[in-house]
Amino acid sequence: MRRLLAPLPIAVLAAVVALVALLAYGLASNEPERGVERALIAGGREPAPDVDLPRLEGNGNGSLADYRGHVVVLNFWASWCDPCRAESPLLQRWHERLDKQGATVLGVDVQDISGDALDFVSEYGLTYPMLRDGPGDIRDDFGILGLPETFVIDRRGRVAAVARGPVDDEFMRKQVAPLLKERA
Amino acid sequence: MKRAVAVATLLAALALPAAATAADCPKTTLADIEDEVMCSICGTPLGLAADAPQAQRERAYIERLIADCRSKDQIKRALVAQFGEAVLALPGDAGDDNGIEDVLVYVIPAIGIVLAAGGIAFAATRWRRRPTSGAAGPAGDSTRVDVDMERYDL
């Protein structure tokens, strides 16, 4: 017992405890934000985090607040992301439908080279508004782990649905179309 | 002879702008840069992110800038403009003159390592010098034998 209370074992034990604590802190701080999903499972809707970012084309800033009263399909993407290529034509088709009904797709290009992103927009003929988050700071606010991810925001600025991965027609029909009938 | 001088003059005149252009073009290499910048989505230095798609795009972007005769500092600034300062892998690269944090990033771990090493050395020295109860020497041994012998009724 006395041997265990000697300074060296205590120092080693303290070092091990410190390392374990550091590891636990690292794991805990990397836990993604999932409050939106928890609210959705409970049948509620959380207000969407604030989005205020430069426009991809470079002409000033745009924000989610600009679209208050609209249904917004907020899509996070990057030109280097292959699944984003697959879903972009579908988002463009839906944007053309939604645009006439007080709704929009809003793209956020994340951690991408702006020239590559503009080439992507041109290649797929995307006409919906695009914002840009080069450093990717917004990922923490929405708990984004990969790309693409899509958040459907109702007319009152609350998150009504989430797709962690590419969206398809079924998701858009089930999660977006009903919101168009809701009032602001 | 005159003809040879004229040809030499012409060649020199042609070579001068090329040499000047080469001097104006500060050549750096991808290998030189990729250990000092991050693949921001991978969370690792670009040099370690071999196959990540974002890393490949970042490398292609750097190579375009190298081909465009940009210096290493200019390329780093261009990367910061694209991805923010988190793209810089080395503290102090941001270029701010009052960056005391950049110095502390190196100094604090060094102090920590020195203190930890000193603490362990001190503890080890004290532990080794401490007399152990069983190391009483020959006199201690004979006393213990006597005590043991008394316990047995021989």
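Here are the numbers:
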| read-out | value |
| --- | --- |
| A:Arg3 being basic (Lys, Arg), at pLDDT below 90 and exposed (fewer than 11 other Cβ atoms within 10 Å of the Cβ) | yes |
| Cross-chain or 6+ apart pairs with Cβ under 9 Å, the stretch A:6-25 first and at the interface with another protein chain (Cβ under 9 Å from one of its Cβ atoms), then in a helix (DSSP H, G or I) and of a type in the set (Val, Ile, Thr) | A:Leu8/B:Ile120; A:Ala11/B:Ile120; A:Val12/B:Ile120; A:Ala15/B:Ile120 |
| The stretch B:102-129, residues that are under 17 Å from A:Ile10 (Cα atoms) and of a type in the set (Gly, Ala, Ser) | B:Ala116, B:Ala117, B:Gly118, B:Gly119, B:Ala121, B:Ala123, B:Ala124 |
| Scan of the stretch B:25-45 for residues that are without any contact (Cβ under 8 Å) to a residue 12 or more places away in the chain and not in a strand (DSSP E or B), ordered by number | B:Gly43 |
| Test set (1) β-branched (Val, Ile, Thr); (2) more than 14 Å from chain B (Cβ to nearest Cβ); (3) surrounded by fewer than 22 Cβ atoms within 10 Å (Cβ to Cβ) - A:Thr150 fails condition number | (3) |
| Per-region count, the stretch A:36-75, residues more than 21 Å from A:Phe171 (Cβ to Cβ), outside any loop (DSSP other than H, G, I, E, B) and of a type in the set (Gly, Ala, Ser) | 3 |
| Selected residue [surrounded by fewer than 16 Cβ atoms within 10 Å (Cβ to Cβ), free of Cβ contacts under 8 Å to residues at least 60 places away in the same chain and of a type in the set (Lys, Arg)] from B:Arg64, B:Arg57, B:Arg70 | B:Arg64 |
| Residue match in the stretch A:111-123 (condition: surrounded by 18 or more Cβ atoms within 10 Å (Cβ to Cβ), closer than 18 Å to A:Val159 by Cα, under 18 Å from the mean Cα position of the chain (by Cα) and among the polar types (S, T, N, Q)) | no |
| Flag if B:Val114 is modelled with pLDDT under 90 and not assigned by TED's automatic domain parsing to the domain that holds B:Asp32 | no |
| Meets criteria (touching a strand residue (DSSP E or B) at 6+ places or on another chain (Cβ under 8 Å) and either at pLDDT below 95 or surrounded by 16 or more Cβ atoms within 10 Å (Cβ to Cβ) (or both)) for A:Arg132 | yes |
| Search result, residues across the stretch B:61-85 that are over 17 Å from A:Ala117 (Cα atoms) and touching a Pro at 6+ places or on another chain (Cβ under 6 Å) | B:Ser71 |
| Pair list, Cβ < 7 Å and 6+ apart or interchain, from the stretch A:70-99 residues that are within 20 Å of A:Gly115 (Cα to Cα) and in contact (Cβ under 8 Å) with a residue 40 or more places away in the chain to residues that are assigned to a strand (DSSP E or B) and hydroxyl-bearing (Ser, Thr, Tyr) | A:Asn75/A:Thr150 |
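Yes or no, residue by residue, for (1) among the acidic types (Asp, Glu); (2) modelled with pLDDT of 80 or more:
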site: B:Cys25; (1), (2): no, no
site: B:Val37; (1), (2): no, yes
site: B:Arg57; (1), (2): no, yes
site: B:Ala60; (1), (2): no, yes
site: B:Ala67; (1), (2): no, yes
site: B:Glu101; (1), (2): yes, no
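The values are calculated or read from the model by the stated rules, or taken from the named source; none is laboratory data. From a predicted model like this one, the values you see are computed outputs, not experimental measurements. We place every Cβ from the backbone using ideal geometry, glycine too, and count neighbours over all the protein chains shown.
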